[in-house]
Amino acid sequence: MSELARAFGVTPVGWERVREPSLAPAFTAIGAWLVMAWNRFGLQGLSAPRAGTRFVLIGFYSWIGLGLLVWLAGRVADRRRQEPMPLFRPTQLTGLAHRPILVMAVLLQLTGILAPAAGIGTAAAVLVFGLWMPAMLVSAVNWAYDLPVVQAIALTAVPYLLWLATAGSFLFVQVGHLL
């Protein structure tokens with residue numbers, strides 16, 4: 001079970017590789033929103049890119065906002081540090097926590113082409129937004145701030161719920177018909 005949990009990024013051990021700033025979180029977050037934009041607009045997005053660009057930019061800004069909210073919550077919760085955590089760290093962690101959205105986007109693309117079946121997208125969305133992504137965020141915050149799991153849940157709850165109410169609702173409005 002721990003190997004599976006590590007593969008899904010829900011254990012603190014899996015976050016050990018996140019030490020230095022890199023572009024992987026940006027590629028993950030933006031890639032997830034790009035694939036979702038392709039799911040939504042398809043070839044039409046190439047001929048009229050304004051809506052697709054807006055879609056991806058909303059995803060980009062929501063990722064940065066989620067990272068900022070986690071950083072602010074961490075600053076409030078972790079006053080014992082002499083030096084605050086650099087802002088890039090929570091942004092990295094929240095960017096990498098977009099992996100479930102990327103997996104769901106690819107799954108929606110493949111099921112829409114290969115095996116159109118009702119309910120697969122809905123089940124994936126419930127698992128991704130209700131379990132996998134929040135578990136990754138809690139695990140990342142648990143590792144980064146060295147907090148107990150209960151405090152990590154409390155620290156990520158408000159930022160994630162705000163993200164879910166804004167970016168998540170936008171995503172649902174745009175691609176809900178695919179679910």
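Data for the structure
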item	result
Stretch gain in nm, segment Leu87-Gln151, where the contour uses 0.36 nm per residue and the Cα spacing is subtracted	21.1 nm
Two-site label geometry, Ala123 and Val158: point separation in nm, points 7 Å out along Cα→Cβ	3.7
Percent RCO, i.e. relative contact order, over the chain, from Cα pairs under 8 Å lying at least 6 residues apart	31
Residue list for segment 86-100, given a label point 7 angstrom along the Cα-to-Cβ vector of Arg19 and an amide N cut-off under 16 Å	89
Ellipsoid equivalent to segment 1-91 - semi-axes via the Cα gyration tensor, in Å	31, 19, 10
Share of alpha-carbon pairs per 10 Å distance bin for segment 20-179, given as whole %	11, 40, 32, 14, 4, 0
Solvent-accessible area, 1.4 Å probe, carbon plus sulfur percent, for segment 7-158	70
Most positive-pole-ward Cα, Leu127, Ile153, Leu72, against dipole of the chain from beta carbon charges	Leu72
The chain: DSSP helices with Cα axial extent of at least 15 Å and average Kyte-Doolittle hydropathy no lower than 0.5	24-41, 49-77, 99-113, 133-145, 149-163
Whole-number accessible area per residue in Å² for segment 26-109, which is evaluated in the context of all protein chains at 1.4 Å	52
Inter-part distance where segment 119-158 and segment 44-106 are each reduced to a Cα centre, Å	14
Burial order of peptide ranges 43-50, 67-74, 96-103 (average beta-carbon count within 10 Å, highest first)	96-103, 67-74, 43-50
Helix-only [θ]222 nm of the chain, DSSP H runs n ≥ 4, -39500 (n - 2.57) each, per residue, nearest 500	-21500 deg cm²/dmol
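The values are calculated or read from the model by the stated rules, or taken from the named source; none is laboratory data. Quantities reported herein were computed from a predicted structural model and do not represent experimental measurements. Positions of Cβ are backbone-derived with ideal geometry, glycine not excepted, and every protein chain shown enters the neighbour counts. Ligands, DNA and RNA are stripped out before the accessible areas are found, and what is left, the full protein with its side chains, is counted by its heavy atoms. Shrake-Rupley method; radii C 1.70, N 1.55, O 1.52, S 1.80 Å.
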